[in-house]
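Reading through the structure tokens given below for one structure.
The values are calculated or read from the model by the stated rules, or taken from the named source; none is laboratory data. Note that this is a predicted model, so its numbers are computed, not measured. Please note: Cβ atoms are built from the backbone with ideal geometry, for glycine as well, and neighbour counts cover all protein chains shown. Surface areas here come from the heavy atoms of the whole protein model, side chains and all, with no ligands, DNA or RNA. Shrake-Rupley method; radii C 1.70, N 1.55, O 1.52, S 1.80 Å.
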Amino acid sequence: MKNLFFYGTLRHRPLLEIVLGRSAEQIDLVPAHLPDHAVHSVAGQPFPMILSAAGQSAPGLLVRGLSAEDLSRIEFYEGGFDYALSVRQVICEDGSSAAAELFFPDPDLWQPDALWSLQGWVAQWGQLSEYAAQEVMAFYGRRSAEDVARSFPAVRMRAAARIAAEARSAPQSREVVVHSYHRAYQGYFAVDEMQVQHQRYEGGMTPMLGRSALMQGAAAVVLPYDPQRDCVLLVEQFRAPVYMIGDAAPWMWEPVAGMVDPGETPEQAAHREAREEAHVALRGLECAGRAYSSSGSSTEFLHLYVGLANLTETTENGGLDGEGEDIRSAILSFDELMAKVDAHEVKDLPLLSIAHWLARHRDRLREEH
């Protein structure tokens with residue numbers, strides 16, 4: 001049995017409950033602090049780090065009597081964050097002291113920022129972190145901590161997409177009964193499975209239905225358009241699913257597109273992706289629709305835009321090397337784009353949708369700009 005001192009996100013009790021797999025009432029925990037230390041935000045990250053700081057005090061939570069299984073679960077969760085355990089003497093709220101282990105980061109791994117606030121973190125990141133932890137811990141005992149760490153950016157995108165989905169629509173009154181829910185696969189994408197019944201339109205319930213979904217985040221899709229020159233910019237890149245299904249032409253012409261990062265708005269993602277993929281600076285966005293890309297199979301939700309820009313140059317080296325992207329771009333006149341649409345040469349559904357939106361609003365955009 002061991003004692004651990006938590007100074008960061010695991011002070012948030014709902015998150016600790018998810019990681020340990022039981023309620024806080026079943027956990028022996030007391031407020032405590034670590035003298036001569038301070039907890040700082042990590043620059044550019046939604047989690048903190050602890051540093052030596054003479055005369056300061058790092059508040060935290062002392063969790064006592066943790067079992068080998070508890071420690072294994074915690075190390076699995078924290079293992080994705082490059083921490084190592086170290087023993088320190090902490091002071092409990094009643095003035096007594098206790099030896100406890102705590103997770104210290106590699107001092108050269110991150111840059112500290114301002115002092116960290118648990119309350120501020122909970123307000124901004126608490127719910128997202130709970131949803132992310134639910135997915136992570138579903139793979140405890142099934143994947144290594146290192147494997148989960150590689151998937152963690154996508155896990156966080158899916159958690160952010162879930163929060164956005166919950167706020168998207170008013171609740172419907174029809175009944176849904178979930179009999180089982182299983183997280184079947186986790187990677188850059190994830191696959192969830194469930195056994196479910198739902199209420200029929202004429203009343204009563206359906207038979208038991210086995211359903212699967214490709215779990216994805218939200219994406220921003222933007223077609224750069226120059227209203228003065230009346231032209232658009234498309235990007236081309238290799239698409240593995242198109243190749244995997246046997247399509248002989250897996251290099252696809254598409255709008256600029258990318259996932260919406262946690263803490264980022266779809267509009268910010270559209271501007272960022274235009275710079276990364278096409279080296280284009282957008283001067284404005286026109287919303288061309290918001291919709292699920294394939295509601296029968298995927299959770300992906302698309303934010304579609306026409307991006308106003310000056311289009312004079314193309315690129316042969318768009319995208320990020322770290323993401324394995326190899327992207328080139330081309331500029332087409334509006335008439336050339338619509339000729340491809342009418343000839344059924346466009347295989348990308350978001351491009352078809354945005355092209356039709358642009359055809360309806362093109363005159364207005366040219367007059368205004």
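When you check Q56 against the structure, is it of a type in the set (S, T, N, Q), open to solvent by 60 Å² or more (accessible area, probe 1.4 Å) and over 18 Å from Q119 (Cα atoms), yes or no?
Answer is yes for this residue.
Quick one: in the stretch 337-369, of everything that is basic (K, R) and part of a helix (DSSP H, G or I), which residue is farthest from E236 (Cα to Cα)?
R364
Of all the residues that make up the stretch 273-285, how many are buried (at least 17 other Cβ atoms within 10 Å of the Cβ) and out of contact with any helix residue (DSSP H, G or I) (no Cβ under 7 Å at 6 or more places or on another chain)?
The number of residues fulfilling the criteria is 5.
For V306, work out the one condition from (1) modelled with pLDDT under 95; (2) assigned to a strand (DSSP E or B) it doesn't fulfil.
Failed condition: (1).
For the stretch 247-260: of the residues being surrounded by fewer than 19 Cβ atoms within 10 Å (Cβ to Cβ) and in a loop (DSSP other than H, G, I, E, B), which is farthest from the chain's Cα centre (by Cα)?
Here the answer is A248.
Can you tell me how many residues within the stretch 206-221 are more than 28 Å from the chain's Cα centre (by Cα) and open to solvent by less than 70 Å² (accessible area, probe 1.4 Å)?
Number satisfying all stated conditions: 2.
Take the residues in the stretch 137-193 that are in contact (Cβ under 8 Å) with a residue 60 or more places away in the chain, within 26 Å of S72 (Cα to Cα) and of a type in the set (A, V, I, L, M); name whichever of them is most open to solvent (accessible area, probe 1.4 Å).
A149
Let me confirm something: among D113, D70, which residue is touching a residue at least 40 places away in the same chain (Cβ under 8 Å), surrounded by 19 or more Cβ atoms within 10 Å (Cβ to Cβ) and over 30 Å from T299 (Cα atoms)?
Only one candidate passes the filter, namely D70.
Please enumerate the residues belonging to the stretch 229-246 that are out of contact with any helix residue (DSSP H, G or I) (no Cβ under 9 Å at 6 or more places or on another chain) and either in contact (Cβ under 8 Å) with a residue 40 or more places away in the chain or assigned to a strand (DSSP E or B) (or both).
R229, E236, F238, V242
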